[in-house]
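Engineer: One structure follows; several queries about it will come next.
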Amino acid sequence: MSTEGRPLRADARRNRERILRAARDAFATEGIAIPLDEIARRAGVGPGTVHRHFPTKEALFEAVVREHLERLTHEARGALADTAAGPAFFAFLTKMTAEADAKQDLTEAITGAGGRMSAETEGLAADLRELFDALLTRAQAAGAVRKDVDAADVQAVVVGALVAGRRRGERDRPGRLADMVFDCLLPRGAAPEEPG
């Protein structure tokens, strides 16, 4: 039985947070195929405790995705409030690229889960896409990003760089992937502003 909708006791709240942390790490390193019992073991709780909070692995995965999207949406809103449009865009893109590189299995699972998420989670993803589009448009208006790219182009460049790095068997050296992505987005002859 799910505990959604009612306040949790302090111990239940701690268990839920431990489960989410263990699941986030497990999905990021091993993908969605990891058994719930293994997530329970890593969280230091019994399988029954996991099932009380999340009746299925899909429900647990969606909770991890929702938490991730909520955090990114909050950060995107903060970047949008920054008056320096170019550095704000590149700082947000740096963070997203670094996370996608560090958590490739989670990123792939999220991408592959399209259409199987609740309306609430799909709404969060749509909000994040709109915020990213707004960040990109502002950066383009400020002359910091080429005008002939759109959000789908940015995603294609990031995913392509991630896949190429993975095929070479390496994870991003600090900043290297972001620098390559930036080079694709900068107007001809421009140097990136330092993200603030």
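Engineer: Are there trypsin sites (Lys or Arg not before Pro) in the stretch 35-102 that DSSP marks as loop and that have at most 16 other Cβ atoms within 10 Å, and which are they?
Structural biologist: Taking the stretch 35-102 and a limit of 16 other Cβ atoms within 10 Å, no loop trypsin sites (Lys or Arg not before Pro) are found.
Engineer: Then there's this: In whole Å, how far is the Cα centre of the stretch 34-65 from that of the stretch 123-169?
Structural biologist: Value for the Cα centre distance between the two parts: 32 Å.
Coordinate-derived values only; no laboratory data. The structure presented is a predicted model; accordingly, all values stated were derived computationally and were not measured. Heads up, the Cβs are rebuilt from the backbone with ideal geometry, glycines too, and the neighbour counts pull from every protein chain shown.
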